[in-house]
Amino acid sequence: MAAKRAERLVNLVIALLSTRQYVTAARIRATVPGYEADDGSDRADEAFKRMFERDKAELREMGVPLETGRTSVFDTEDGYRIARADYELPEIHLTGEEAAAVGLALRLWESAQLAGAAQSALVKLRAAGVDVDTSRSLPIQPRIDRGEAAFEPCYAAARDRRRLQFDYRRPDEDTAVRRDVQPWGVVAWHGRWYLVGHDLDRQAPRVFRLSRVVGAPKAVGPAGAFEPPADLDLTVVVAGQVTGEEHLVVVRARPGTAVGLRRRATSLGPADDGDDRLQLRTTEPWALADELAAYGADVVVEAPTQVRDAVIGRLTRLAAMGERA
């Protein structure tokens with residue numbers, strides 16, 4: 001289902017759930033975002049009728065109890081509403097993992113442009129004289145996901161199928177590089193947000209961690225410029241590119257330090273200088289280098305060389321920033 005159609009259907013459900021009255025098709029057309037505007041032409045009227053009939057049929061196919069009727073004997077045409085008692089689910093008990101999945105879905109939902117339009121529809125219904133019961137409305141508030149600054153523009157570009165340009169800095173690079181991507185979607189994996197898409201410069205699928213995007217991504221070109229693969233699974237793509245092979249990293253830590261690191265490390269015994277030798281397993285060596293650098297002089301990387309060099313590079317950049325400050 002297209003994103004705009006999905007948003008229109010949800011806006012319609014929210015509007016009809018929030019009133020005890022039957023709402024006419026004309027009022028729905030005027031208040032629910034996404035329908036053909038009434039410009040007085042026969043073309044616009046026919047377009048709205050076709051769209052509204054499809055939406056009603058689809059809601060009923062999905063099991064939404066859409067009722068048809070009239071609020072009073074003085075009404076001249078039928079209206080529509082959703083009986084909340086028939087629509088609501090019974091009490092649901094979730095496991096911890098299920099609740100976490102619902103919470104993740106809520107973050108994505110609140111980040112979409114849906115919430116503001118839905119609230120606008122309720123305001124218009126009230127202005128039109130429809131009795132909107134605020135206690136019955138859904139608790140949706142317009143919010144932007146602030147976990148990642150790049151989330152909203154990346155999500156919007158993927159939703160609208162627009163090309164996306166942004167500066168991206170890998171952990172092993174000193175400067176950001178401009179990327180030109182056809183964004184397929186944004187997904188959370190192991191506590192981090194990733195953009196998945198087709199890199200136009202490299203002509204291959206690529207995964208980008210949103211925390212490494214520098215500045216504000218910019219959508220360019222028209223909407224609908226491309227289509228993601230039909231069998232696309234964003235999580236599978238991220239897992240395939242991010243996980244990679246397992247690396248063994250050996251470090252020396254001063255006694256009594258790096259407590260968090262020790263909890264998941266294997267002890268290799270004491271070093272000649274009295275430090276503790278630890279072995280760590282990781283599938284993301286550059287992320288581990290970020291963590292090791294945060295321990296400063298308390299932790300020294302013995303092997304492999306690329307992780308040691310990455311930590312030294314990070315510490316060197318931090319020292320240079322301190323001197324400039």
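Within the range 64-81, the residues that satisfy the criterion of being under 18 Å from LEU12 (Cα atoms) and open to solvent by less than 50 Å² (accessible area, probe 1.4 Å) are VAL64, PRO65, LEU66, GLY69, GLY79, TYR80. Evaluate the following for ARG308: is it open to solvent by 40 Å² or more (accessible area, probe 1.4 Å) and in a strand (DSSP E or B)? It is false that ARG308 is open to solvent by 40 Å² or more (accessible area, probe 1.4 Å) and in a strand (DSSP E or B). If we keep just the residues of the range 204-254 that are open to solvent by 50 Å² or more (accessible area, probe 1.4 Å) and among the β-branched types (Val, Ile, Thr), which is farthest from the chain's Cα centre (by Cα)? It comes out as VAL214.
Can we say ALA99 is open to solvent by 30 Å² or more (accessible area, probe 1.4 Å), at pLDDT 65 or above and part of a helix (DSSP H, G or I)? Criteria not met by ALA99. Among the residues making up the range 210-226, those that are modelled with pLDDT of 90 or more and over 12 Å from PHE166 (Cβ atoms) are GLY221, PRO222, ALA223, GLY224, ALA225, PHE226. State whether the residues of the range 261-268 include one that is in contact with a helix residue (DSSP H, G or I) (Cβ under 6 Å, 6 or more places away or on another chain), open to solvent by less than 30 Å² (accessible area, probe 1.4 Å) and of a type in the set (A, V, I, L, M). Scanning the range 261-268, I find no residue that is in contact with a helix residue (DSSP H, G or I) (Cβ under 6 Å, 6 or more places away or on another chain), open to solvent by less than 30 Å² (accessible area, probe 1.4 Å) and of a type in the set (A, V, I, L, M), so the answer is no. The one condition from (1) assigned to a helix (DSSP H, G or I); (2) within 23 Å of TRP189 (Cα to Cα); (3) open to solvent by less than 40 Å² (accessible area, probe 1.4 Å) that LEU280 does not meet is (1). Say whether the condition of being in a loop (DSSP other than H, G, I, E, B), over 16 Å from the mean Cα position of the chain (by Cα) and in contact (Cβ under 8 Å) with a residue 24 or more places away in the chain is met by at least one residue in the range 186-203. Yes, some residue in the range 186-203 is in a loop (DSSP other than H, G, I, E, B), over 16 Å from the mean Cα position of the chain (by Cα) and in contact (Cβ under 8 Å) with a residue 24 or more places away in the chain.
Can you confirm whether the range 294-305 contains a residue that is open to solvent by 60 Å² or more (accessible area, probe 1.4 Å), of a type in the set (Asp, Glu), at pLDDT 85 or above and in a strand (DSSP E or B)? Yes, some residue in the range 294-305 is open to solvent by 60 Å² or more (accessible area, probe 1.4 Å), of a type in the set (Asp, Glu), at pLDDT 85 or above and in a strand (DSSP E or B).
The values are calculated or read from the model by the stated rules, or taken from the named source; none is laboratory data. Source: prediction; values computed, not measured. Positions of Cβ are backbone-derived with ideal geometry, glycine not excepted, and every protein chain shown enters the neighbour counts. The area values use the complete protein model at the heavy-atom level, side chains included, leaving out ligands, DNA and RNA. Shrake-Rupley method; radii C 1.70, N 1.55, O 1.52, S 1.80 Å.
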